[in-house]
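Here is the structure we will look at, set down as structure tokens.
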Amino acid sequence: MKIVDGQVIVCSPGRNFVTLKLSTEDGLYGLGDATLNGRELAVASYLKEHVVPLLIGRDARRIEDTWQYLYKGAYWRRGPVTMAAISAVDTALWDVNGKALDTPVYQLLGGASRESVMVYGHANGRTIDDTVKAASRFLEQGYQAVRAQCAVPGLDATYGVGHAGAHYDPTDKGRPTESQWSTERYLDFVPGLFEKMRAELGPVPHLLHDVHHRLTPIEAARLGKSLEPYHLFWMEDAVPAELQEGFRTIRQHTTTPLAVGEVFNSIWDCHLLIEEQLIDYIRCSVVHAGGISHLRKIAALGEVHHVRTGCHGATDLSPVCLAAALHFDLAVHNFGIQEYIPHTEETDRVFPHRYRFEAGALHPGDAPGLGVDVDEALAARHPYARAYLPVSRKLDGTVHSW
Ligand code: EZ4
Ligand code: CO
């Protein structure tokens with residue numbers, strides 16, 4: 001099953017996506033997501049200029065060998081650009097092999113470990129009351145888990161709170177927005193948000209919160225402690241995690257469960273976090289952490305250390321990535337939860353898919369491969385538009401993590 005062609009499809013149906021399409025001599029093709037939000041064309045170029053020429057003529061059945069060839073063969077290891085490119089190849093190969101064997105990818109991964117995949121929705125609000133109302137709407141739709149983010153009084157714009165009514169997309173065309181940050185105001189505000197959430201929603205729903213890398217370990221320890229009465233499902237990205245050892249401080253001080261990893265790109269970013277049992281959920285995604293093949297290795301390391309999966313699933317991860325994540329989630333034993341923000345109808349039209357939502361859970365469907373496609377003619381009508389994620393500054397002007 002020789003690979004005969006590799007197309008890199010860059011499109012912007014509402015927001016930018018990079019998709020790899022690998023075709024084989026049998027007339028089959030597989031898709032992989034290669035989207036790196038705000039730096040998309042770097043990955044497109046890496047694929048077009050450096051990876052696709054190496055794939056032509058290779059056997060599409062050799063998924064692991066191709067992964068190692070691209071990873072070790074580049075000499076320059078890891079990094080988000082390289083790993084997004086390798087992820088796309090790996091995902092496309094799983095897809096095409098599923099199609100060749102006429103079976104959904106989850107069956108190739110060991111079969112279903114559960115009936116469906118629990119997801120969490122995003123409740124955002126400008127006020128605590130709005131946030132509670134947004135969360136109630138998710139629960140009414142059957143969601144069992146909701147992430148809550150609320151504007152912090154006195155701060156112009158903060159991560160996680162979208163423009164009213166719009167699908168959440170924080171990127172800007174043109175120069176990035178600058179948002180404001182104050183650790184003091186944030187730490188004073190968040191416990192009250194979750195006190196109200198529990199009071200209004202009761203003890204049953206899973207409540208999640210994303211700190212988005214903005215605290216230091218000792219500050220995160222204080223936040224985790226102050227949230228203990230509201231028993232969160234997880235506190236996400238409490239600190240920037242380039243320094244894995246930073247999680248030791250947080251862990252020593254709080255029983256609030258910890259999740260991290262959406263920006264990680266390999267097992268080497270999280271091996272210490274997992275081996276020392278410093279976290280509870282690993283958030284690595286198919287697109288940014290080396291594809292289905294590498295994510296399985298991260299999950300396997302997690303399984304022996306009481307760490308469950310919680311794949312990143314914001315809308316900058318394309319429907320191709322979401323489909324791949326769902327096959328992985330359905331099969332992997334130590335699944336925790338899957339993040340889910342529905343894509344816009346515009347995006348869904350470009351990427352028709354077979355995954356389906358029901359009562360707070362997703363199922364990847366039973367089409368051969370990943371069960372997701374790309375309408376190339378429609379994609380061509382949505383040309384790429386440069387966009388940036390916001391940057392953040394403290395009130396005195398110092399650049400801070402967004
Ligand atoms: O800010 O995917 O948990 N989800 C997140 C996301 C990230 C975006 C960045 O591109 O943190 O909203
Ligand atoms: Co996050």
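The values are calculated or read from the model by the stated rules, or taken from the named source; none is laboratory data. Just so it is clear, the model here is predicted, and its values are computed rather than measured. FYI the Cβ positions are ideal-geometry reconstructions off the backbone, even for glycines, and counts take in every protein chain you see. All accessible areas refer to the heavy atoms of the entire protein, side chains included, with ligands and DNA or RNA removed. Shrake-Rupley method; radii C 1.70, N 1.55, O 1.52, S 1.80 Å.
For (1) at pLDDT 95 or above; (2) in a helix (DSSP H, G or I), each residue gets a yes or a no:
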residue	(1), (2)
V146	yes, no
Q149	yes, no
G162	no, no
R198	yes, yes
L207	yes, no
L227	yes, yes
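Out of Y168, Y230, which single residue is surrounded by fewer than 22 Cβ atoms within 10 Å (Cβ to Cβ) and within 16 Å of ligand 2 (Cβ to nearest atom)?
Just a single option satisfies the conditions, and that option is Y168.
Quick one: D129 ticks every box in (1) open to solvent by 10 Å² or more (accessible area, probe 1.4 Å); (2) within 16 Å of ligand 2 (Cβ to nearest atom); (3) among the charged types (D, E, K, R) except a single one, so which number is it?
Checking D129 against (1) open to solvent by 10 Å² or more (accessible area, probe 1.4 Å); (2) within 16 Å of ligand 2 (Cβ to nearest atom); (3) among the charged types (D, E, K, R), the one that fails is (2).
Scan (1) in contact (Cβ under 8 Å) with a residue 40 or more places away in the chain; (2) touching a helix residue (DSSP H, G or I) at 6+ places or on another chain (Cβ under 8 Å) for the single condition V119 breaks and write down its number.
All conditions pass for V119, except number (2).
Consider I279 carefully, then state whether it is of a type in the set (A, V, I, L, M, F, W, C), modelled with pLDDT of 95 or more, open to solvent by 20 Å² or more (accessible area, probe 1.4 Å) and not in a helix (DSSP H, G or I).
no
Output the number of residues of segment 11-24 satisfying the condition of being touching a residue at least 60 places away in the same chain (Cβ under 8 Å) and either in a loop (DSSP other than H, G, I, E, B) or surrounded by fewer than 21 Cβ atoms within 10 Å (Cβ to Cβ) (or both).
Residues in segment 11-24 being touching a residue at least 60 places away in the same chain (Cβ under 8 Å) and either in a loop (DSSP other than H, G, I, E, B) or surrounded by fewer than 21 Cβ atoms within 10 Å (Cβ to Cβ) (or both): 5 in total.
What are the pairs, 6+ residues apart or on separate chains, where a residue within segment 36-60 that is farther than 18 Å from D95 by Cβ has its Cβ under 8 Å from a residue that is modelled with pLDDT under 95 and open to solvent by 10 Å² or more (accessible area, probe 1.4 Å)?
N37/T171; G38/T171
For every residue, the table says whether it meets (1) over 24 Å from Q144 (Cβ atoms); (2) surrounded by 24 or more Cβ atoms within 10 Å (Cβ to Cβ).
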| position | (1), (2) |
| --- | --- |
| E303 | no, no |
| R308 | no, no |
| G313 | no, yes |
| V320 | yes, yes |
| A323 | no, yes |
| T344 | yes, no |
| D366 | no, no |
| G369 | yes, yes |
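What residue, of G397, G360, G371, is within 16 Å of C321 (Cβ to Cβ), at pLDDT 95 or above, small (G, A, S) and away from ligand 2 (no atom under 16 Å from the Cβ)?
Only one candidate qualifies: G371.
Anything in segment 247-276 that is open to solvent by less than 40 Å² (accessible area, probe 1.4 Å) and outside any helix (DSSP H, G or I)? List them, or say none.
The answer is T254, T256, P257, L258, A259, V260, G261, E262, F264, N265, S266, C270.
Scan the helices (runs of 4 or more DSSP H) fully inside segment 36-101 and keep the ones with 3 or more residues being at pLDDT 95 or above and over 19 Å from R296 (Cβ atoms).
40-45, 52-55, 80-100
Return the total of residues in segment 371-402 being buried (at least 16 other Cβ atoms within 10 Å of the Cβ), among the hydrophobic types (A, V, I, L, M, F, W, C), away from ligand 1 (no atom under 16 Å from the Cβ) and in a loop (DSSP other than H, G, I, E, B).
Adding up the residues that qualify gives 1.
Please verify whether L362 is in a helix (DSSP H, G or I) and surrounded by 17 or more Cβ atoms within 10 Å (Cβ to Cβ), treating the condition exactly as stated.
Spelling it out, it is not the case that L362 is in a helix (DSSP H, G or I) and surrounded by 17 or more Cβ atoms within 10 Å (Cβ to Cβ).
How many residues, within segment 105-115, are within 22 Å of I341 (Cα to Cα) and either touching a Ser or Thr at 6+ places or on another chain (Cβ under 6 Å) or surrounded by fewer than 19 Cβ atoms within 10 Å (Cβ to Cβ) (or both)?
Residues in segment 105-115 being within 22 Å of I341 (Cα to Cα) and either touching a Ser or Thr at 6+ places or on another chain (Cβ under 6 Å) or surrounded by fewer than 19 Cβ atoms within 10 Å (Cβ to Cβ) (or both): 2 in total.
Looking at this structure, is R15 farther than 20 Å from D348 by Cα and touching a helix residue (DSSP H, G or I) at 6+ places or on another chain (Cβ under 9 Å)?
Taking the combined requirement at face value, the residue does not satisfy it.
Among residues belonging to segment 132-177 that are among the β-branched types (V, I, T) and within 16 Å of ligand 1 (Cβ to nearest atom), point out the one that is farthest from the chain's Cα centre (by Cα).
This residue is T177.
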